[in-house]
Amino acid sequence: MSVIQLCNIAYTYPSGITALKAISLSIKQGEKVVLMGSNGSGKSSLCLLLAGVIKPDEGDYLIKGQRFRYCRKHRQQLCRSIGYVFQDPDVQVVATHVDEDVAFGLRNIGLKEEEVQQRITEYLELTGISELRKKAVHTLSYGQKKQVALAGVLAMEPEIVMLDEPFAWLDYRQSQRLLAVLSQLSESGKTVIVSTHDSQFAHEWADRALIMQNGQLKADGSVREVFAREQLLEELDIAPVKQNMSCLHHS
Ligand SMILES: Nc1ncnc2c1ncn2[C@@H]1O[C@H](COP(=O)(O)OP(=O)(O)OP(=O)(O)O)[C@@H](O)[C@H]1O
Ligand SMILES: [Mg+2]
């Protein structure tokens, strides 16, 4: 079943830049999808659209077969179905302290305080940042803030998880932990979409690759198919994969 379907989506920012052009795609439940493309190709804009943050000028967005209408009710449903970890944690982390930040979304959906505290413990542990629980957000590094944003999104337990360049700024240990988290999400049947510039990761982790260029979706297929098309990768400025190298070392 398709969890996400886009039909002929177009979006132009108020500044006049057209970031998405005639995008049609369909993503099935449980798929592991990488979203690739050079800087400015439209990856984050596509994530923002899927998260309901930006509204298309043209086209339809269907989620689990239902047309998304950008009304309050649909937005509330969407924020429980899709979790989006922004590329830049500074636009996502809202509270002054880590535990309060993770609690923010949970309290918004009306969870009891006991459940809120339980999820904070669980998801800070999962993302490997339990020791940051009581820290003030402004004292954290950029990489640590990315982990806080990730914990906050995962704590909402969405069915679809979208991560925009999640490995950027993470050190080796946290990257390995993130790979383990991604595996766990897939094993529990979630749909996972990761925007990345890392071809090696894409090739080894994903089922499916979407490649954008200049606001258009230029390739959409299994990673095996897409990465076999060397000429296409070159045209789209995507690095080829090096065989016999692995980035997936997590235990
Ligand atoms: N808030 C905004 N206002 C106006 N234009 C924007 C805004 N955000 C992005 N754009 C423009 O939309 C286009 C697509 O940008 P987007 O951030 O989606 O690309 P991206 O593929 O995520 O790039 P990167 O790899 O650098 O993160 C670019 O031309 C960019 O300048
Ligand atoms: Mg981006």
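The figures follow:
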read-out	value
Residues that are among the aliphatic types (A, V, I, L, M), within 12 Å of the chain's Cα centre (by Cα) and within 16 Å of ligand 1 (Cβ to nearest atom), drawn from the stretch 144-173	149, 162, 163
Qualifying residue in the stretch 96-103 (condition: β-branched (Val, Ile, Thr) and more than 20 Å from the chain's Cα centre (by Cα))	yes
Evaluation of residue 23 against (1) more than 18 Å from residue 164 (Cα to Cα); (2) away from ligand 2 (no atom under 16 Å from the Cβ); (3) touching a strand residue (DSSP E or B) at 6+ places or on another chain (Cβ under 6 Å); (4) not acidic (Asp, Glu) (one fails), failing number	(2)
Enumerated strands (runs of 3 or more DSSP E) restricted to the stretch 114-230, each holding at least 3 residues that are open to solvent by less than 30 Å² (accessible area, probe 1.4 Å) and over 23 Å from residue 91 (Cα atoms)	208-213
Check on residue 1, aliphatic (A, V, I, L, M) and within 13 Å of ligand 2 (Cβ to nearest atom)	no
Single residue of the stretch 28-62 satisfying the filter (β-branched (Val, Ile, Thr) and surrounded by 21 or more Cβ atoms within 10 Å (Cβ to Cβ)) that is nearest to ligand 1 (Cβ to nearest atom)	34
Test: residue in the stretch 95-107 that is modelled with pLDDT of 95 or more and in contact with a Phe, Trp or Tyr (Cβ under 8 Å, 6 or more places away or on another chain)	yes
Top-ranked residue in the stretch 63-113 [being open to solvent by 50 Å² or more (accessible area, probe 1.4 Å) and small (Gly, Ala, Ser); ranked as nearest to residue 3 (Cα to Cα)]	65
Test: residue 2 is open to solvent by 30 Å² or more (accessible area, probe 1.4 Å) and at pLDDT below 95	yes
Residue match in the stretch 198-213 (condition: within 16 Å of ligand 1 (Cβ to nearest atom), over 17 Å from the mean Cα position of the chain (by Cα) and closer than 22 Å to residue 48 by Cβ)	yes
The stretch 214-240: number of residues that are more than 22 Å from the chain's Cα centre (by Cα) and of a type in the set (Lys, Arg)	1
Sole exception among (1) closer than 26 Å to residue 32 by Cβ; (2) of a type outside the set (S, T, N, Q); (3) within 16 Å of ligand 2 (Cβ to nearest atom) for residue 90, by number	(1)
Every residue from the stretch 13-27 that is more than 24 Å from residue 64 (Cα to Cα) and surrounded by 17 or more Cβ atoms within 10 Å (Cβ to Cβ)	19
Every pair of residues 6+ apart whose Cβ atoms lie under 8 Å, when the first sits in the stretch 12-35 and is under 15 Å from residue 192 (Cα atoms) and among the hydroxyl-bearing types (Ser, Thr, Tyr) while the second is at pLDDT 95 or above and open to solvent by 40 Å² or more (accessible area, probe 1.4 Å)	26/5
Count - residues of the stretch 23-48 that are out of contact with any Gly (no Cβ under 8 Å at 6 or more places or on another chain) and more than 22 Å from residue 223 (Cβ to Cβ)	2
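The values are calculated or read from the model by the stated rules, or taken from the named source; none is laboratory data. Remember, predicted model here, so these are calculated numbers, not experimental data. Virtual Cβ from ideal backbone geometry, glycine too; neighbours counted across all protein chains shown. Surface areas here come from the heavy atoms of the whole protein model, side chains and all, with no ligands, DNA or RNA. Shrake-Rupley method; radii C 1.70, N 1.55, O 1.52, S 1.80 Å.
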